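Notes follow the structure.
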Amino acid sequence: MNKILIIGQAPPIKKQAIPYDSTMLYDWFSEVGITVDEAQKVFDFEAMTDKIPQVGANGHIPPSEVEMAEYFQRVLKEKVSKADKVILLGASPRNFFNVKKFFTEEGKMLSLIHPSKRNSKMYYDNKELLLSLLKQFVNK
């Protein structure tokens with residue numbers, strides 16, 4: 001398996017032992033046969049900004065287009081160009097990279113919902129499709 005770049009919205013507000021450890025992401029990986037230890041070797045983790053997000057009534061406030069464009073030029077552009085594959089998690093990276101919808105593979109990018117537990121219903125409503133796409137994308 002080649003290294004795969006995973007891009008989310010922003011760094012976490014609270015320090016995490018490993019990226020996305022408070023989300024459903026490792027549950028998804030487990031469902032497709034990837035352990036937590038393997039995930040740390042297979043995936044590189046990034047965000048659309050390096051700024052800790054502000055919190056609003058409905059969770060994190062997404063980074064602005066200006067913040068994302070600046071960070072892309074400074075950091076992400078090179079990482080994306082060197083990545084064999086890229087997984088976009090959530091609306092901010094999906095919109096920035098102009099991917100039309102969640103649960104779709106476009107070239108070397110796979111767009112999925114954010115693994116936040118807030119998205120549990122969307123995940124369970126689309127579980128079979130999400131896991132099928134993830135497994136196929138990671139293993140090809």
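Quick one: how many residues across the stretch 107-140 are within 18 Å of residue 23 (Cα to Cα) and part of a helix (DSSP H, G or I)? Reasoning before the result, please.
As a first pass, look at the stretch 107-140 and keep what is within 18 Å of residue 23 (Cα to Cα): 111-127, 130-131, 134.
Applying the additional criterion that residues be part of a helix (DSSP H, G or I) yields 117-125, 127, 130-131, 134.
Here the count works out to 13.
Suppose we filter 66, 75, 32, 99 for residues that are hydrophobic (A, V, I, L, M, F, W, C) and open to solvent by 50 Å² or more (accessible area, probe 1.4 Å); which single one remains?
Going through 66, 75, 32, 99 in turn, the sole match is 66.
Please determine, by comparing only the residues of the stretch 56-96 that are without any contact (Cβ under 8 Å) to a residue 60 or more places away in the chain and in contact with a Leu (Cβ under 9 Å, 6 or more places away or on another chain), which one is farthest from residue 133 (Cα to Cα).
The qualifying residue farthest from residue 133 (Cα to Cα) is 68.
The values are calculated or read from the model by the stated rules, or taken from the named source; none is laboratory data. Model, not experiment: these values are computed from the prediction. Virtual Cβ from ideal backbone geometry, glycine too; neighbours counted across all protein chains shown. Side chains are part of the model used for accessible areas, which takes the heavy atoms of the whole protein and leaves out ligands, DNA and RNA. Shrake-Rupley method; radii C 1.70, N 1.55, O 1.52, S 1.80 Å.
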